[in-house]
Each structure stands twice: as structure tokens, then as C-alpha cells.
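Q: Encoded as C-alpha cells, here's the structure I'll be asking about.
Coordinate-derived values only; no laboratory data. What you see is a predicted model, and the numbers here were worked out from it, not measured in a lab. Please note: Cβ atoms are built from the backbone with ideal geometry, for glycine as well, and neighbour counts cover all protein chains shown.
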């Protein structure tokens, strides 16, 4: 497995590219901005993205999707419960000057327990509502991609439309069941592990 975190946009979002070194198949997770930088890395490694996956649909995680879709013909993938957030993001960004076509319709809707394959790699979808109704984490190969559900020492905010603190705490409790050595790549800031967060993260101490 090859994994690369590319920090993009004004909010320093972690866009994650995961690839199978043998097949060169890849997926792009949370391309929030700067599609040219994301493409530069993909092209330099001769990767072939098949999926563009949103852990959730806030603008800082989705706004480079159209350019990548057009270049690589990769399908947009998100949880079935995230369309409300995606539509709200589209309306907000259009008020900033984006065009409607900058937000293409997803090709595939995910549900809890589904699998995403990237070449010979397999990742399980964990539905983790709370930050948004359709937030997901991806777990596989000793790795967890959390989006804005879990951060190092913190967790996603719940005061935005669709947020729910009770749901978020329940989602975090699900994550405590994963192996403690699991590497965690968050939607912003530094990496961590499940074990570190279970022992030190105040949001997980109360789950």
C-alpha cells in the first residue's frame, strides 16, 4: 500500500491518496482544493484513481472533485445520508462564485459495512454520524481514515447543520473497538493511533 497525505486549501485539509503499488489502482479521499497538486502526485506515480471518496461533504473536503473526475473519470463516492450536506455545500459555494457543475452527482452511495476495493486492498466503511449525518471512516490494512469524526486529541464539531453530539459520541465509541495499533489519518492536523486516542482524547474518555 502507498499512502500520501496532501494538505490542501485554506483550512489545511488532509487529502489522502491510497494506492496499490502492484496494480497502480488508487483512490482519492477528501479532495478539498488544489486539484493540480493532487494530480501532480498521482501522475508522477502513474496511479489510476477509480474512486473519489468523501468522508463527508463539507466544502473543504469536496471542492476539487470535479477536476479530478474529469481528468481520471473516477466515480464520486459518499454515504447515502450525506446528500443533504452535499446539497447545502453546493448552495453555499455557488454563492461564492462556483458553478453548479462543480458539484457532480455521486456515482455510488455507501452504507455501513460496505467494502471499497483499491486494487488488491480492501477498506471497510464505518458509518460515523455526528459531525454530519453521513460521515464515514474507512478501515483496512491497519489504517483508519477518519475525516472530521476524530482528530488527534479532539473530535469533529457538532454545531453545524446536521451535527449531533450524541451521535458523534456513539460513533467514537465504535472506533474504540478497533485495534489500538491502528494508524489514524484525520481530516486535519497530525496522525495518531486508536490506542493513543482511547487513552488521552477527552471525547473518547467519555464514550
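Q: Work out how much length residue 84 to residue 181 would gain on full extension: take 0.36 nm times their residue separation and subtract the Cα-Cα distance, in nm to one decimal. Don't skip to the end; give the middle numbers.
A: Working: separation 97, 0.36 × 97 = 34.92 nm, distance 3.44 nm.
Full-extension gain reported as 31.5 nm.
Q: Now for a separate question. Where does the chain land on Rg/Rh, using Cα atoms and the Kirkwood Rh?
A: Taking Rg over the Kirkwood Rh, I get 0.94.
Q: Here is a further query. Could you work out the Rg to Rh ratio of segment 80-122, with Rh taken as the Kirkwood radius (inverse of the mean 1/r over all Cα pairs)?
A: 1.13
Q: Compare the peptides 50-62, 13-25 by average per-residue count of other Cβ atoms within 10 angstrom and give them in order, highest first.
A: Averaged packing, sorted descending, gives the order 50-62, 13-25.
Q: Roughly how far apart, in whole Å, are the Cα centres of segment 103-126 and segment 164-194?
A: Taking the Cα centre of each part, segment 103-126 and segment 164-194 sit 19 Å apart.
Q: Using the beta-carbon distance between residue 154 and residue 3 and R0 = 25 Å, what value does 1/(1 + (r/R0)^6) give for FRET efficiency, to the nearest 0.05?
A: With R0 = 25 Å, the Cβ-Cβ based efficiency is 0.70.
Q: Decide, for segment 98-188, between rounded, prolate and oblate: order the square roots of the alpha carbon gyration tensor eigenvalues as a ≥ b ≥ c, take rounded if a/c falls under 1.5, and otherwise choose prolate if a/b is larger than b/c, else oblate. Before the final figure, lay out each step's value.
A: Working: a/c = 1.80, a/b = 1.08, b/c = 1.66.
Cα axes put segment 98-188 in the oblate bin.
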